[in-house]
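So the structure is just underneath, and the comments pick up after that.
Nothing in this text is a laboratory measurement; each read-out follows from the coordinates by a stated rule. Keep in mind the model is a prediction, meaning the values are calculated, not measured. Glycine also receives a Cβ, built like all others from the backbone with ideal geometry; neighbour counts cover every protein chain displayed.
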């Protein structure tokens, strides 16, 4: 049985973050900056610039994500933090029209991005990362966690790269409740940490 640990993405773990993000999918190119800027800015940045932005974000702190390690090797990533800092979420009509939470409330956190290296998929890392993200948000003062997972059972074929949002069943199993369904395959889920 492999040993799995999950740690905050801190400056001393930047190389580990890069390893986790570069194992397949869009993580290497995105550098987990998709939710951090409006599309007009995104279109103007290169992969190298996004890597610099991520480095600056991690160095400045607080940690914007968690890294999963399998037997000591960085294998996965989850972005978790105050929703208000993830600018694109607040500019996405599917979310703004359907969230039950005020958009200026920094006690509302979002779990917005998962990356798992190809060789570690189907090992339950997303569920482990989500559990750790819930604990991290609770310790960080979050009142509510919101997420925007996809539902592969909704009848739409999805590429694995689309699943960076997470999968609805993983959030349901962690206790999140569905609060809206902006599209048949896209849900908004919420977990109240105050109760």
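Laid out as a table, the results:
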item	result
Segment residue 127-residue 42, length gained on full extension (0.36 nm per residue, minus Cα span)	27.7 nm
Overall form of region 97-195 per C-alpha gyration tensor (a/c, 1.5; a/b vs b/c)	oblate
Residue 26/residue 71 FRET efficiency (R0 25 Å; Cβ-Cβ; nearest 0.05)	0.50
Relative contact order [Cα under 8 Å, 6+ residues apart], region 64-195, whole percent	25 percent
Helix-derived mean residue ellipticity, 222 nm - over the chain, DSSP H n ≥ 4, -39500 (n - 2.57), to 500	-7500 deg cm²/dmol
Most mobile of 45, 170, 59 in a GNM of the chain (Cα contacts under 10 Å)	45
Modelled FRET efficiency - R0 41 Å, residue 181 with residue 119, Cβ distances, 0.05 increments	0.80
Cα centroid of region 32-71 to Cα centroid of region 170-195, whole Å	25 Å
Shape call, the chain: gyration tensor on alpha carbons, a/c limit 1.5	rounded
